[in-house]
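S.K.: Got a structure for you, written out below as C-alpha cells; questions coming shortly.
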Amino acid sequence: MVITIFLSLSLSLSLSLSLSLSIRLNILLGGMTPLYFHVVNVCLHCAVTCLLMHTCDRCVFDDPRLAFLTALLFAVHPIHTEAVSGIVGRADVLACMLFLLAFLSYVRSVGVCGSGSADSLPSTVSVWALGASLLLGTCAMLVKETGITVFGVCVLYDALVRSLTFHLSGLLRSRHLSGSKMKDLLRISVPFLKRACAVSLYVAVIMSFRLWLMGGSMPLFSEQDNPASFSPHLLTRFLTYCYLLAFNAWLLLSPAVLCYDWQVGSIPLVESLWDMRNVAALLLGVVMVALCLHCVMSLQRLENREVLLGVLFLVFPFIPASNLFFRVGFVVAERVLYMPSMGYCILVAHGLGRLCSVVGRWGTTALTVSTLLLLLLFSWKTVQQNDIWLSREALFRSGIQTLPHNAKVHYNYANFLKDRGRHQEAIHHYKTALRLYPRHASAMNNLGTLTRHPEDAEHYYRTALDTNPQHNRALFNLGNLLKWRSSQTSCRVVSLVYIVLFTYFSSHIF
C-alpha cells in the first residue's frame, strides 16, 4: 500500500502536468494556430466517447445497442461545446478520460461476477489493476478536482453491484448461514472491506497532498464569482443552491439556452420560500428520491443496475461543483457538466430501452424516430454553438444576446472593444455593466482609463478602490494620475514664476 501511494504520488505529480504539456506540445508542433488545439480537443472527446461506450457495454447494459446509443448521445450533446471548443476545457475532457480508465481498471481488479465462492465476496484478482486504478484516479484529480470522485463511484459500484447484488443477497437467503449473521457478514465481506479501506486511506493521503500543494488553503473567490455563497442568510444560500442543482439538470435535459458565462446577475438569488423557482428544486428532489428508491428495489430483485450506474455517474462527478463541501468560483459552468452528462446519457438510453420493451411495434418505431430527431437537434445545436466559439467577438456578442442582464458579458465585450480601439462602444458597455452590477471594480477601473477628464478618471479609480481596496490596476492607475497632476501643477508654478520675473525685469529695464 505504501509503495502504491509513493509511486502514484511521484508519477502523477509529473503526469499532473499533462494538461500544460499537451498545450506546450501543440505550440511546438503547430505554433499558435488554433486549429491544432481544437483537433487535439476533438480527438480527446472522441476517445472519451469510445471509452464510455466500452464502459457501458461491459458494466452497464446487456444490449450493446444501448451502449452505442449512450455514446452517440454523449458525442453530440450541446453542453459539451464549451469543454471541447474552449482550450481550457481540455482539463475536463482529459479528466473524464482518466476517470473512465480508472473505473475500468478498478472493475478489472475485482473478481468476475458470479465467479466467487458462495461464502465470500469477490476477491481482488489483480493488484496491478487496482494500483493502476489508483494512479489513474490521482492523475484525474490533478488534472481536474472532480476526477477524485471516481473513487467514490468505484467503491459504491463494488459494494452495490459486484458484491451485494451477486453474492451478498444470495448468501442472506441461503439456509447454510450460522446463527450469528453479523459475524458471517463480516467474514464474507473481508475482500471488499480490504479494498474499501485501501481506497479510503489512499484518498485521504492524496487529498492531504493536494491541499499541501495548494499551500494549505482553499482558493479565494469574490462575491461576483458566486453571490449565493456570500449571502449572510442561510435560507437564501440553501434555496439558491437547490435551485442551481435543478438549473444544471435542466441544462442537461434541454440545452436550448447556453452561455459561456453565467455570473453576475444571470441567475438572481432565491430569497423566499414563495419563489416559484423552488418548484423546480422540489421536482428535482422528488425525481432523485424516486431514482434512489428504484435503485434500492432493483438491488433487492437483483436487476436494473443501469439506473444505479447512471445515478452514480450523474451525481458523484458533480459533487465538487455543488457548493456542498466548499465554495466554488462560479454560479453555473457548462464545462463542469461534461462528466455528469455521462450519467444523464446512461439514464436516457436505459429509459428508451425500457419503453421499447413495453410498447408495441409502432411504439418502437415512434421512439426510434423521436430519438433520431433528438440526436439531430442536439447535433444542430452543437454546430451552432461551435460557430459562436469561432472568434472572441462572436463569443462575447453571443453572451450579450443570450444574457443581456449579465454584467460580466458586457464587461468582457467592453474589454474586447477597448482592445480594438472602439472606445465609445466600450464606454457604453462598461456603464451597462456598472448599471447591472454597481460593485464591479474592474469595470470602474477600465472606464477610468477611457475617460478624457482627469477628475472623472480619479472618481472612477477611487470608487473602484472603495469597492475593492486590493485592486492592483486601480491603485496603479490612480498613482499615475496623481503623479501626472502633480507634475502638471509643478510646471504651472514654474511657468508662473518665469512670467513674473520676465514682467519685472522688462518693466525695470525698458
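The values are calculated or read from the model by the stated rules, or taken from the named source; none is laboratory data. All values reported here derive from a predicted model rather than from experimental measurement. All Cβ positions, glycine included, derive from the backbone under ideal geometry; neighbour counts span all protein chains shown. Just the protein is used for accessible areas: all its heavy atoms, side chains included, with ligands, DNA and RNA removed. Shrake-Rupley method; radii C 1.70, N 1.55, O 1.52, S 1.80 Å.
S.K.: Output yes when any residue across segment 313-332 is in contact (Cβ under 8 Å) with a residue 40 or more places away in the chain and over 28 Å from Q224 (Cβ atoms), and no when none is.
M.R.: Looking for residues that are in contact (Cβ under 8 Å) with a residue 40 or more places away in the chain and over 28 Å from Q224 (Cβ atoms), one finds at least one in segment 313-332, hence yes.
S.K.: Are there any pairs with C-beta distances below 6 angstrom linking a residue in segment 260-280 that is over 12 Å from C242 (Cα atoms) to a residue that is open to solvent by 50 Å² or more (accessible area, probe 1.4 Å) and among the hydroxyl-bearing types (S, T, Y), with the two at least 6 apart or on different chains, and if so which?
M.R.: From residues that are over 12 Å from C242 (Cα atoms), there are no pairs.
S.K.: Go through (1) out of contact with any helix residue (DSSP H, G or I) (no Cβ under 7 Å at 6 or more places or on another chain); (2) open to solvent by 60 Å² or more (accessible area, probe 1.4 Å); (3) modelled with pLDDT of 85 or more one by one and return the number of the condition H423 breaks.
M.R.: Going through the list (1) out of contact with any helix residue (DSSP H, G or I) (no Cβ under 7 Å at 6 or more places or on another chain); (2) open to solvent by 60 Å² or more (accessible area, probe 1.4 Å); (3) modelled with pLDDT of 85 or more, H423 breaks only (1).
S.K.: If you take the residues of segment 383-419 that are among the hydroxyl-bearing types (S, T, Y) and out of contact with any Gly (no Cβ under 9 Å at 6 or more places or on another chain), which of them is least open to solvent (accessible area, probe 1.4 Å)? Reasoning before the result, please.
M.R.: Going residue by residue through segment 383-419, those that are among the hydroxyl-bearing types (S, T, Y) are 391, 398, 402, 411, 413.
Checking the rest, the ones that are also out of contact with any Gly (no Cβ under 9 Å at 6 or more places or on another chain) come to 391, 398, 402, 411.
Details: S391: 56, S398: 17, T402: 50, Y411: 34 Å².
Among those residues, the one meeting the criterion is S398.
S.K.: Which one of the conditions (1) modelled with pLDDT of 90 or more; (2) closer than 30 Å to A71 by Cβ does H410 fail to meet, given that it meets all the rest?
M.R.: Unmet condition: (2).
S.K.: In addition: Anything in segment 44-67 that is within 23 Å of R354 (Cβ to Cβ) and either β-branched (V, I, T) or under 24 Å from the mean Cα position of the chain (by Cα) (or both)? List them, or say none.
M.R.: L52, M53, H54, T55, C56, V60 - these are the residues of segment 44-67 that are within 23 Å of R354 (Cβ to Cβ) and either β-branched (V, I, T) or under 24 Å from the mean Cα position of the chain (by Cα) (or both).
S.K.: What residue, among those in segment 437-458 that are open to solvent by 60 Å² or more (accessible area, probe 1.4 Å) and farther than 18 Å from H423 by Cβ, is modelled with the lowest pLDDT? Spell out how you get there, then give the answer.
M.R.: Filtering segment 437-458 down to residues open to solvent by 60 Å² or more (accessible area, probe 1.4 Å) leaves 438-439, 452-453, 455-456.
Imposing the further condition that a residue be farther than 18 Å from H423 by Cβ reduces the set to 438-439, 455.
Values: P438: 87, R439: 85, E455: 81.
By that ranking, first place goes to E455.
S.K.: When residues of segment 217-259 are filtered for being at pLDDT 80 or above and open to solvent by 50 Å² or more (accessible area, probe 1.4 Å), how many remain?
M.R.: 12
S.K.: Okay, next question. I want to confirm something. Restricting to segment 178-195 and keeping residues that are open to solvent by 40 Å² or more (accessible area, probe 1.4 Å) and in contact with a helix residue (DSSP H, G or I) (Cβ under 9 Å, 6 or more places away or on another chain), which single residue is modelled with the highest pLDDT? Can you show your working first?
M.R.: Step one: filter segment 178-195 for residues open to solvent by 40 Å² or more (accessible area, probe 1.4 Å), giving 178-183, 185-187, 190, 193-194.
Still in the running and in contact with a helix residue (DSSP H, G or I) (Cβ under 9 Å, 6 or more places away or on another chain): 178, 181, 185-186, 193.
Values: S178: 51, K181: 57, L185: 61, L186: 67, L193: 81.
Result: L193.
S.K.: Just to check your reading of the model, which residue among L44, L35, L72, L29 is open to solvent by 10 Å² or more (accessible area, probe 1.4 Å), farther than 18 Å from V143 by Cβ, in contact (Cβ under 8 Å) with a residue 24 or more places away in the chain and not acidic (D, E)? Walk me through it before giving the result.
M.R.: Values: L44 fails: farther than 18 Å from V143 by Cβ; L35 fails: in contact (Cβ under 8 Å) with a residue 24 or more places away in the chain; L29 fails: in contact (Cβ under 8 Å) with a residue 24 or more places away in the chain.
When all the criteria are applied, what remains is L72.
S.K.: How many of the residues making up segment 460-510 are at pLDDT below 80, surrounded by 13 or more Cβ atoms within 10 Å (Cβ to Cβ) and β-branched (V, I, T)?
M.R.: So the answer is 0.
S.K.: Kindly establish whether L283 is open to solvent by 40 Å² or more (accessible area, probe 1.4 Å) and outside any helix (DSSP H, G or I).
M.R.: On the way: open to solvent by 40 Å² or more (accessible area, probe 1.4 Å): yes; outside any helix (DSSP H, G or I): no.
No; evaluated as a whole, the condition is false for this residue.
S.K.: Identify all residues within segment 224-274 that are of a type in the set (A, V, I, L, M, F, W, C), part of a loop (DSSP other than H, G, I, E, B) and under 15 Å from E334 (Cα atoms); write none if there are none.
M.R.: So in segment 224-274, the residues of a type in the set (A, V, I, L, M, F, W, C) come out as 228, 230, 234-235, 238-239, 242, 244-247, 249-253, 256-259, 262, 264, 267, 269-270, 273-274.
Adding the requirement that they be part of a loop (DSSP other than H, G, I, E, B) leaves 256-259, 262, 264, 267, 269-270, 273-274.
A256, V257, L258, C259, W262, I267 - these are the residues of segment 224-274 that are of a type in the set (A, V, I, L, M, F, W, C), part of a loop (DSSP other than H, G, I, E, B) and under 15 Å from E334 (Cα atoms).
S.K.: Out of all the residues in segment 196-213, which are open to solvent by 30 Å² or more (accessible area, probe 1.4 Å) and within 17 Å of Y157 (Cβ to Cβ)? Don't jump to the end; show me each part of the working.
M.R.: So the first thing to find is which residues in segment 196-213 are open to solvent by 30 Å² or more (accessible area, probe 1.4 Å), and the list is 197, 200-201, 203-205, 207-213.
Within segment 196-213, C197, S200, V203 qualify.
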